[in-house]
Amino acid sequence: MVVTARGRFITLEGGEGAGKSTHARALIRWLESRGVDAVLTREPGGTPHAEALRTLLLEGLVAPFGAEAEALVFAVARADHMNHVIRPALAAGRWVVCDRFMDSTRAYQGTAGVPLEVLHRLDRLAVGDDRPDLTLVFDLPAAEGLARAARRRSGETDRFEQDVAAVHEARRRAFLEIAQSEPERCVVLDATRPVDEVSRAAEDAVAARLGSALPGG
Ligand code: TYD
């Protein structure tokens, strides 16, 4: 019997305008150049049903029910994404690069007042014992990220972008606290640097943390 080695799960986290989506695409190209079969996905979303929930969340249709309800809906979307995309890909030996994951719920819904204990219970339901093998936290001052997000925006701001600057700063601190409390999983990258440099730092972090799992590593 051929036993396929489990793939590796990498999540990209950070505030608005930190460049995660650009770096996620660059990371996929880099992994593929190293011979890795890699899947790019995102949250909220990643499956047809979870993408439908994404629309509800980002259009603010869940917001009137409160932050706890939003956390619940993010968890429902995440469970579907885990079951239908992330776990099957990892089990098939593919690597998964996910643009936002459970730390975003901690940083966004946690700072909106949802107790940590509730978030942990939702993690148990949606994610179980699985955890990212590596989380890259793209860090930059909230004001800088918001200015970047405003420059690249084509349409309306979404429900979470609309929050005041102090809220974005609190989310940034929350991401940094998570990274500090789980240094074996998280690497913080200075996202104020030029894009190419940040991409290289992301690749270096993957090579340093997960290099032995790379083909020929
Ligand atoms: P998106 O356009 O993907 O944001 P970005 O381009 O900044 O990554 O929209 C996702 C939004 O949803 C973003 O504002 C963060 C928010 N969010 C949460 O509040 N909780 C979560 O658990 C997740 C995954 C995202």
Out of everything in segment 54-74 that is out of contact with any Lys or Arg (no Cβ under 8 Å at 6 or more places or on another chain) and not in a helix (DSSP H, G or I), what residue ends up being farthest from Glu43 (Cα to Cα)? Gly66
Looking only at residues in segment 108-126 that are part of a loop (DSSP other than H, G, I, E, B) and within 11 Å of the ligand (Cβ to nearest atom), which one is surrounded by the most Cβ atoms within 10 Å (Cβ to Cβ)? Val114
Could you tell me whether any residue of segment 75-91 is in a loop (DSSP other than H, G, I, E, B) and buried (at least 16 other Cβ atoms within 10 Å of the Cβ)? no
Of the residues in segment 1-39, those that are among the charged types (D, E, K, R), more than 9 Å from the ligand (Cβ to nearest atom) and assigned to a loop (DSSP other than H, G, I, E, B) come to Arg6, Arg8, Arg34, Asp37
Considering segment 92-107, residues that are under 16 Å from Glu70 (Cβ atoms) and in contact with a Phe, Trp or Tyr (Cβ under 6 Å, 6 or more places away or on another chain), and then whichever is farthest from the ligand (Cβ to nearest atom), we arrive at Ala107
Can you tell which of Val188, Val127, Val97 is free of Cβ contacts under 8 Å to residues at least 60 places away in the same chain, within 17 Å of the chain's Cα centre (by Cα) and under 30 Å from Val2 (Cβ atoms)? Val127
What residue, among those in segment 23-57 that are crowded, with 16+ Cβ neighbours inside 10 Å and closer than 19 Å to Arg153 by Cβ, is nearest to the chain's Cα centre (by Cα)? Arg42
Mind listing whichever residues of segment 40-59 are in contact with a Cys (Cβ under 9 Å, 6 or more places away or on another chain), away from the ligand (no atom under 11 Å from the Cβ) and not hydroxyl-bearing (Ser, Thr, Tyr)? Leu40
Looking at Ala143, Ala174, Ala201 in this structure, which one is in a helix (DSSP H, G or I), at pLDDT below 95 and aliphatic (A, V, I, L, M)? Ala143
Looking at this structure, is Val85 in contact with a Ser or Thr (Cβ under 8 Å, 6 or more places away or on another chain) and farther than 25 Å from Gly216 by Cα? yes
Answer yes or no as to whether Thr135 is touching a strand residue (DSSP E or B) at 6+ places or on another chain (Cβ under 6 Å) and outside any helix (DSSP H, G or I). yes
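The values are calculated or read from the model by the stated rules, or taken from the named source; none is laboratory data. Fair warning: this is a prediction, and the values are worked out from it, not measured in the lab. Virtual Cβ from ideal backbone geometry, glycine too; neighbours counted across all protein chains shown.
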